[in-house]
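Report on one structure; see the data block that follows.
The values are calculated or read from the model by the stated rules, or taken from the named source; none is laboratory data. Quick caveat: nothing in here was measured; it's all calculated off a predicted structure. When we count neighbours, we look across all protein chains shown, and the Cβ atoms used for this are built from the backbone with ideal geometry, even at glycine.
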Amino acid sequence: MRRALVIPMFASLAFSGCGYHVGGKADLLPSTLHTIAIPAFGNNTTRYKLTEILPGAIGREFITRTRYRIVADPNEADAILRGTVVSSASYPIIFDQATGRASSIQMNVVIELKLVDRVSGKMLFERSRMESHGRYEVTTNEIQYFDESSTALDRISREIARQVVSSILEAF
């Protein structure tokens, strides 16, 4: 009698799912989508470097993590990802007590994104305020000074690219 109850109980546990899935594996975009164009980003700031770096970083992230091909010509793409850097701010957050100079800089970036099906014009994804934050260290020694801001921009662009691709794929 016990054996008759135990076997169905284990079978029901084995075949029942809890709905758990590993993050980053969903793809909520249409199955007809194969190519994406990422033209140059717009810029509402006084800094230009980030708008140059972001489309390439996002393209590399799509290539690395998805099945989509990135194409240069928007007329050849199934979808077009348009973006604008809305704001970019850097400010000191830690100061060296001996010199009074900033030793750590916080960088905050806000972007706007729209992924549109090129043929139908249907909005596939839209985010009006995607925020990303990063920080970098600055040496306080004038002789050893090396400007870390370009390295920091590369790092934050990779972080933004990860955020963008995850958000688009999982519709967060």
query: Out of the residues in segment 89-135 that are more than 28 Å from Ser167 (Cβ to Cβ) and among the polar types (S, T, N, Q), which is nearest to the chain's Cα centre (by Cα)?
result: Ser103
task: Quickly run through segment 108-136 and pick out the residues that are out of contact with any strand residue (DSSP E or B) (no Cβ under 8 Å at 6 or more places or on another chain) and free of Cβ contacts under 8 Å to residues at least 24 places away in the same chain.
output: Ser120, Gly121
task: Within segment 45-68, track down each residue that is within 16 Å of Leu29 (Cα to Cα), of a type in the set (D, E, K, R) and exposed (fewer than 15 other Cβ atoms within 10 Å of the Cβ).
output: Arg67
- prompt: Taking segment 46-72 as the region of interest, how many residues are more than 14 Å from the chain's Cα centre (by Cα), over 20 Å from Glu112 (Cα atoms) and assigned to a helix (DSSP H, G or I)?
  reply: 0
message: Quick check on my filter: what residues within segment 108-139 are touching a helix residue (DSSP H, G or I) at 6+ places or on another chain (Cβ under 6 Å) and modelled with pLDDT under 90?
response: Ser132, Gly134, Tyr136
